[in-house]
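The values are calculated or read from the model by the stated rules, or taken from the named source; none is laboratory data. Quick caveat, the model's predicted, so the values are computed rather than measured. Glycine gets a Cβ as well: all are built from the backbone with ideal geometry, and neighbour counts include every protein chain shown. To get the accessible areas, we keep the full protein, side chains included, count just its heavy atoms, and leave off ligands, DNA and RNA. Shrake-Rupley method; radii C 1.70, N 1.55, O 1.52, S 1.80 Å.
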Amino acid sequence: MIEQTPQTAVETIVVTMTTVAANKVRELLQQENDQSLGLRIFVAGGGCSGLQYGMTLDEQQEGDTVISQGDFNVLADEMSLGYISGSEVDYVDSLMGAGFTVNNPNAVSSCGCGHSFKTADGGGEARGCACGH
């Protein structure tokens, strides 16, 4: 007798957003009044820790991973996805300024500005940035 065990699918949560961040994205999308746009999160070389986050309102491109947030989508290209998987996006409004931040479990170090980071595999070389930290 051959015993079979059912396979279970494990869903990896790519990116989550705080309520404050999601509301801010909704506000920005409403201002644009374009249903084809979503929030693109990307990673590029640079910043004082070697890699930096970027965000923009954009249309879906071929090869993008689309993460539904209910009434809007978060978009990420394949390269960036490897760096941001498991991250949480927040929106902070403080005396130091307002903006989106990424709480990234893949980052082993980050700059005081919260926009630049380094991964365990040494993604990028450290460079100066204009954040003042």
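Worth pointing out:
- Label positions at THR19 and VAL92, each projected 7 Å from the Cα along the C-beta direction, are separated by 2.0 nm.
- Accessible area per residue in Å² at 1.4 Å probe, computed on segment 34-92: 47
- Counting 0.36 nm for each residue step from ASP77 to GLU62 and taking away their Cα separation leaves a gain of 4.5 nm.
- MET17, MET96, MET55, MET79, ranked by accessible area, largest first (probe 1.4 Å): MET96, MET79, MET55, MET17
- Once the C-beta distance of GLU32 and SER85 is scaled by a Förster radius of 30 Å, the resulting FRET efficiency is 0.65 to the nearest 0.05.
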